[in-house]
Each structure stands twice: as C-alpha cells, then as structure tokens.
Amino acid sequence: MSRSTSVDIRDRKQSEVQLRKAKAALESVVRERTLELQATVLQLRREQEFTQVVVENVSDGVVACDAEGRLKLFNRAAREWHGCDPREVPPELWATLYDLYEADGITPLATERIPLLRAFQGESVRQAGMAIAAQGQETRYILASGDPLFDAAGQKIGAVVAMHDITERRKSEAALRQSEAQLRQRTQELEAALKELQRTQSQLVQSEKMSSLGQLVAGVAHEINNPVNFIYGNLAHANAYIQDLLNLVWLYQQHYPNPVPAVQQEIQHVDLDFLLADLPKLLSSMRVGAERIQKIVASLRTFSRMDEAECKAVDIHEGIDSTLMILQNCLKAKGDRPEIQVNKHYGILPLVECYAGQLNQVFMNILANAIDALEESYALGRWNPNMLPSLGDRPIDSPSGPMITIQTEQVSPSSIAIRIVDNGIGMSAAVQQRLFDPFFTTKPVGKGTGMGLSISYQIITERHQGTLRCCSEVGQGTEFMIQIPVIQIPVSQ
Ligand SMILES: Nc1ncnc2c1ncn2[C@@H]1O[C@H](COP(=O)(O)OP(=O)(O)O)[C@@H](O)[C@H]1O
Ligand SMILES: [Mg+2]
C-alpha cells in the first residue's frame, strides 16, 4: 500500500464521521423545529377555537363572507334567527327557508338591500333596520351594521355584518304607544265628561234661575192681578156715578142759575167748567192705564209659563210679545241712546205645539243678546251725533237707529220660522263658529255667562226637533232664525 493510498482512506473516514455528525445535528434541529411548529399549531388552534367560541356566543348575530362572496361565518344567534345554517344550504334554496323584509316587516327586502351584500360591495352599513321571518318562527326585527374586510396589504378579503335584535324593544315601544293612545283617549273621555257635567250643572243653575224667575213673575202677576181687576171693575161704576153726579150738577145749574154767594165762590174755586170737561178724559185715561196694567199682568203670566213642563199648542206671538214686555225697560231710550225700535212682521201662524216656557227662554236669550249688541254698537259711536262712527274701516250704513226686527211665517204645512234681526255690532266668523259653545262669551266677566245660546240651541234642536241658525256680519248686524215643527212627534228619551 502506497503512502498516498493510506492518506486517502483516513481522509474519507474523517469526512464520514463529519457527515454523520452534521446529519445528527440537522436531525435534532428538525426535531426541535417540528416540536416548535407543533406547539405553534396547537396554540393557533386554541386561539382559533377561542375566537370561534366568542363569535358563537355573542348575543348579536354575526355573519361574514370571503373575497369570493361565499358565506364563511354564521354564528349561533344568526342561525337561530334564520332557522338554519345557510352555509349548509345552496343559495338557491335560502328563499324557501326564510324571508327578509324591510324595517316595516311587510315590504320584501330587495337583494341589493341585504346588508352583507352592501358591505361586500364596499358600503359601510350602519343600523339598517330589517326583519327576518324564518319558517315557523316569530318575525325578528334587527338593526344590521357591517363593513367590507381588508387584509394588512389593503386587499379585500370579504365582509362582515353584525345584527342586533330589537324585537322586544319594538314590542315594548308598541305597547307603550298603545297605552299612550289609550291614556289619551281616556283623558279625552274624561274631558268630555267634565264638559258635559259643567254644561249640565250650569244648565241646571240656569233653568233653576229661570224657573225661580218664572215663579217670581207668576207671583207678582197674581198679586197685581186682583187689585187691578178691582180698580178696573170699579171704574165702570165710578164712571156711572160720576155721570149721575154731573147730570145732577147740570140740573142744579138749570134750576138755580143764580146760587148763593158761597156756592158761586166754590164754583169759581174748583173751576167747575174745567173740571166738567176734564173729568171724563181723566176717567178714560184711568181706564187706559188699568187696561195696560192688565196687559202687563197677562204678559207676565204668559212669560211665567216658563216652568210649565208639558208640551202644549200655543200662540207663538203671545210668547214673543210677553218676552218683549219683560224687556220693555231695556228697549227704552237711555241717556243719549235712542230707543230701540222693534218692528214686528208677524205672519199668520197656527198654534204651535211646544214647551212654551222654554221657547220664551229662547226668545229672551236672543232678544237680550240683540239688545247687548245694539248697546255695544252705540258705545262705539253709532247713532250718536256727537261721536264719529268707528267700527273698523267699514262704511256704516246709517239706518234711522237701533232696531230689532221680528218676523214670523209658516214656511211649510208642518213648520214655522221666527227670525230675530238686529242692526248691532255683528260677529266675526270666529265668534260665529263658537257661538253655541257652552261658556263662550265675548262679554266682560259678570255680564256674560256664555250659556244663553248653548241652552237655546239645545231647547230648539233637542227639545223641539227644530233648527237654530245664525247669520251675521261685523258692523252690520245679526240674524237668528228659529225653525220648529208645528206638531211635536214624541221622541223616546
Ligand atoms: N245678536 C248678537 N250680536 C252680536 N254678537 C252676538 C249676538 N248674539 C250673541 N252674540 C255673541 O255670542 C256670544 C254668546 O252669547 P250667549 O251664549 O248668549 O252668551 P252671553 O250673552 O252670556 O255672552 C256673545 O258673547 C256674543 O259675542
Ligand atoms: Mg246672552
């Protein structure tokens, strides 16, 4: 063996040893790396599992898709609400499993409006309301918010949407709204009841007042009636006696033309000629006076039928006249205010079946209002030569003076109409609208109660099945028209 050959063999052995060592080192590194890798994979799996458990267990629904738009995530809440896991069902079958609606729960949700699709297309969706109706389940109302997803390099990798269930909130809101509505209705009912109560109360007070006024008037009429009859009845006798005495005086004068001085003196003292001429006039004016008192008493009696409860056929004109009689004093001239003229245009009316006392109350209310309106017109300068008229900027027609016109007519075989017109202050449209409302008044406290017309309205429409209408113009005057049937048909109360 040559020297060189033996060197070669030694070298190779050495390299073999080195190779073996290197291999062993490599193997140990690989083992180490594998162990490390295994640990990392385990760690990763744990983390993934953790994330999955978290996503699975949040109470909101979470859904996500990948860069190709494939559904990748559909957590438990989302599955429950949809009644399925759409990842396991081909997309063409989804519509058989659940329906999506707009927030109203009625309008079907168009595909392009589905939040995950909108997010996938790049939109940032915030609180989009919608409803999910899964087969055999209660409809769930949700608010969905979502965004597209990008990786660190800015590459789109999908989209995610979180859904919040607001079904219960909606339910309690609806319940609240309903109970609010109920409360409102109840309040309205109570308010109406209160108004009705106030109306009844003041009506009671008013009718109590009118009935005691009626009683008072009836009492006064009765008290005056006796002495007046007494006077009137005796006037005829007084007249006869006085005629006898005058005849006697005349006879004396014929037979004793020249009486004794004492008688002559007395004849001059009493101014016998004047006395003889005046006495008959005096008597007749006493009769006129007594007759007038009798008329007043009759009017008072008619008026005081107020509290008569039954429905009777009466002469409407008598009722109007008796009311005018009661109001006579208010119609007279006062200070500078000229007398209020009353023009009566009475038609031929049949007897009308009515509650006469109540009807008189209506005449009273309307006439008293007319007088107030005329007084107010006067206070504003109308019919007053010393003051300039100042009723807004309207030109004022100047009829002779304050006037009330009362017109009656039979408008059909079965009904009559009474018009009461004044040329007073008139009313704006706003006042006319509320005219018949209980407690509506434009008069100062203490003067107006606002009950007159509301009671009149009730008496005419409810009690007599008639109509009460008003027509008025500011500065020109007002007309009230009452229409009532001639015969009352009984109504069941
Ligand atoms: N003839 C009228 N002319 C002008 N206004 C009138 C007339 N009649 C009624 N009104 C208006 O209607 C309101 C209500 O009348 P009413 O019910 O009788 O209550 P009151 O007379 O107590 O105010 C009056 O305050 C007044 O403003
Ligand atoms: Mg009144």
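Of note:
- Only the Cβ atoms of Lys and Arg (+1) and of Asp and Glu (-1) were treated as charged; on that basis the dipole of the range 61-165 about its Cα centre amounts to roughly 200 debye.
- With every protein chain in place, the chain: carbon and sulfur % of accessible area (1.4 Å): 57
- Per residue, the chain exposes an accessible area of 64 Å² to a 1.4 Å probe, with every protein chain left in place.
- Extension gain (nm, one decimal) between Gln243 and Arg76, 0.36 nm per residue minus Cα-Cα: 47.4 nm
- Based on C-alpha pairs under 8 angstrom that are at least 6 apart in sequence, the chain has a relative contact order of 8 percent.
- Loop-located trypsin sites (Lys or Arg not before Pro) in the range 257-332 whose Cβ has at most 13 other Cβ within 10 Å (DSSP): Lys332
- C-alpha center-to-center spacing [the range 406-447, the range 266-317] in angstrom: 34
- 13 Å tail of the calculated P(r), the range 1-57, as % of Cα pairs: 74
- Between Thr139 and Ser28, the contour length at 0.36 nm per residue exceeds the Cα-Cα span by 33.8 nm.
- Cβ-Cβ distance of Thr167 and Thr187, R₀ of 30 Å, FRET efficiency by 1/(1 + (r/R0)^6): the value works out to about 0.50.
- Relative to the 2.2 N^0.38 Å rule of thumb, the range 309-493 has a C-alpha radius of gyration ratio of 1.06.
- For the range 180-307, average projected area of the Cα convex hull in nm²: 12.2
- Between Val53 and Ala379, the distance separating the two model label sites (each 7 Å from Cα on the Cα→Cβ line) works out to 9.0 nm.
- Theoretical FRET efficiency, 1/(1+(r/R0)^6), r = Cβ-Cβ of Lys295 and Ala175, R0 45 Å, to 0.05: 0.05
- The Cβ shell under 10 Å around Ile482 holds other residues with a net charge of +2, Lys and Arg each +1, Asp and Glu each -1.
- Difference of contour (0.36 nm per residue) and Cα-Cα distance, Ile348 to Lys13: 104.9 nm
- FRET efficiency, Lys443 to Thr200 (Cβ-Cβ, R0 22 Å, nearest 0.05): 0.45
- Fraction of beta bridges assigned by DSSP in the chain that are antiparallel (%, nearest 5): 90
- Ranking Ser456, Ser172, Ser412 by solvent-accessible area of protein heavy atoms (1.4 Å probe, all protein chains present), from largest to smallest, gives Ser172, Ser412, Ser456.
- The Kirkwood radius of the chain, taken over pairs of alpha-carbon atoms, gives through the Stokes-Einstein law at 37 °C and 0.692 mPa s a diffusion coefficient of 95 µm² s⁻¹.
- In order along the range 98-113, the Karplus-derived 3J(HN,Hα) couplings, from 6.51 cos²θ - 1.76 cosθ + 1.60 at θ = phi - 60°, round to 7, 10, 10, 10, 5, 4, 6, x, 10, 6, x, 7, 5, 3, 5, 9 Hz, and Gly and Pro are given as x.
- Counted as membrane-span-like here are DSSP H helices of the chain whose alpha-carbon atoms extend 27 Å or more along the helix's own axis and whose Kyte-Doolittle mean is 0.0 or above; these are 272-303, 356-379.
- Here is how the number arises for the chain: DSSP H runs of 4 or more residues each give -39500 (n - 2.57), the sum is divided by the residue count, and the result at 222 nm is -18000 deg cm²/dmol.
- Annotation: peptides 317-327, 15-25, ranked by per-residue average of other Cβ atoms within 10 Å with the highest first, follow the order 317-327, 15-25.
- With Rh defined as the Kirkwood radius, the inverse of the mean 1/r over Cα pairs, the Rg/Rh of the range 61-165 is 0.96.
- Mean Cα-pair separation over length for the range 61-165, i.e. relative contact order, pairs under 8 Å, 6 or more apart, %: 29
The values are calculated or read from the model by the stated rules, or taken from the named source; none is laboratory data. Small disclaimer: the values here were computed from a predicted structure and weren't measured. Because the Cβ atoms are built from the backbone with ideal geometry, glycine has one as well, and the counts that use them run over all protein chains shown. SASA here: full protein model, heavy atoms, side chains in, ligands and nucleic acids out. Shrake-Rupley method; radii C 1.70, N 1.55, O 1.52, S 1.80 Å.
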